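Participant: Have a look at the structure that comes next, please.
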Amino acid sequence: MKLRLYYTISLLILFYFCNLNAQSKNYYRDYLLSYPQTAITAVNAPGQWEPNDWIKAGSVIVIGSSIYLLDEDIRAAIVRNRNSVTYKIADTGNFIGDGRNTIPLIAITWLGGYAFDSPKTQDTALLVTKSMLFANGLTTVLKYSTQRYRPNKNRGNSFWNGNNFTHHRDSFPSGHTTFVWSIAPVLAEQYKDTGWAPPLAYGIACLTGYSRMHDEKHWPSDVFAGAAIGYFTAQLVLKTTPTIFVTPSIEPLGIQFSWIY
């Protein structure tokens, strides 16, 4: 509940200062309208998949199922090799994956882009926000519908383990992992020309996933599912969301803002 409140506050902050010229206001209108459009696209996507898309989906299911069968072994191996260094690494990954720490940075990123007239920076913050909201919304539904205990409860890795519904069985998928993997592809795409951004973004995302397993907060299959949800949601958002780009203006007094899908 607290995390959803942070998401709401983040959106309010992002849009509070949207007071640019008329063209930019139209962009923000189109950005907001793209939310239901993206949701509709996601629902209709399987009916439009090509053979390669079905192969990808099948591969994700096969890999995820294989990891599920190895959950206990992978967990034991990670726990067996914990030491003072891995605990420090895990602390870093957990910090990054916690929305309470990262969401304010997203808001600051947008404000910085606004203050310094950087449309690309604004784009990045808005794309990240949308991807994060969609991915974590799906993850929240799955968490409570699959009713899976976390590893540190020592109740096994099965789903629907128990007779009654409870908020304490919320292991699948990993929310922290979903969060960072919904952000990493956006950063990698937006700053792919830098060379170092994609490996850094995905490296941090992997670090968070490892941290959740290291601290026995999630099973390996939880982490894999969270990463898959975050990654594919980000790709969908990148394809279905308008973005601002700057073009030279023939007017002597400023810049012209345009937006594309």
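Participant: Set the Förster distance to 30 Å, then compute FRET efficiency between residue 87 and residue 108 from the Cβ-Cβ distance, nearest 0.05.
Facilitator: Calculated transfer efficiency: 0.55.
Participant: Then there is this: May I ask you to give the solvent-accessible area per residue for the stretch 207-246, in square angstrom, as obtained with a 1.4 angstrom probe?
Facilitator: Value returned for the stretch 207-246: 30 Å² of accessible area per residue.
Participant: Another question, if that's okay. So for 148, 100, 75, what's the accessible-area order with a 1.4 Å probe, most first?
Facilitator: Result of the area sort, largest leading: 100, 75, 148.
Participant: Counting Lys +1, Arg +1, Asp -1, Glu -1, what net charge surrounds residue 218 among other residues with beta carbon under 13 Å of its beta carbon?
Facilitator: +3
Participant: If you take the beta carbon distance between residue 189 and residue 155 as r and set R0 to 41 Å, what does 1/(1 + (r/R0)^6) give as a FRET efficiency, to the nearest 0.05?
Facilitator: 0.55
Participant: How far is it, in nm, from the label point at residue 95 to the one at residue 120 when both lie 7 Å from their Cα along the line to the Cβ?
Facilitator: With each label point 7 Å from Cα toward Cβ, the separation is 2.8 nm.
Participant: Sorting check: for 61-67, 177-183, 213-219, 83-89, which peptide has the highest mean count of neighbouring beta carbons within 10 Å, and how do the rest follow?
Facilitator: The most tightly packed comes first, giving 177-183, 213-219, 61-67, 83-89.
Participant: What order, most packed first, do the peptides 137-144, 30-37 have when packing is the mean number of other Cβ atoms within 10 Å of each residue?
Facilitator: 137-144, 30-37
Participant: Rounded to a whole number, what % of the accessible area of the stretch 20-105 do carbon and sulfur atoms account for, probe 1.4 Å?
Facilitator: Reported share for carbon and sulfur atoms: 64 percent.
Participant: List, largest first, the extents of the alpha carbons of the stretch 39-79 along their principal axes, each in whole Å.
Facilitator: 42, 22, 12
The values are calculated or read from the model by the stated rules, or taken from the named source; none is laboratory data. Quantities reported herein were computed from a predicted structural model and do not represent experimental measurements. Quick reminder, even Gly has a Cβ in these numbers, built from the backbone with ideal geometry, and neighbours come from all protein chains shown. Side chains are part of the model used for accessible areas, which takes the heavy atoms of the whole protein and leaves out ligands, DNA and RNA. Shrake-Rupley method; radii C 1.70, N 1.55, O 1.52, S 1.80 Å.
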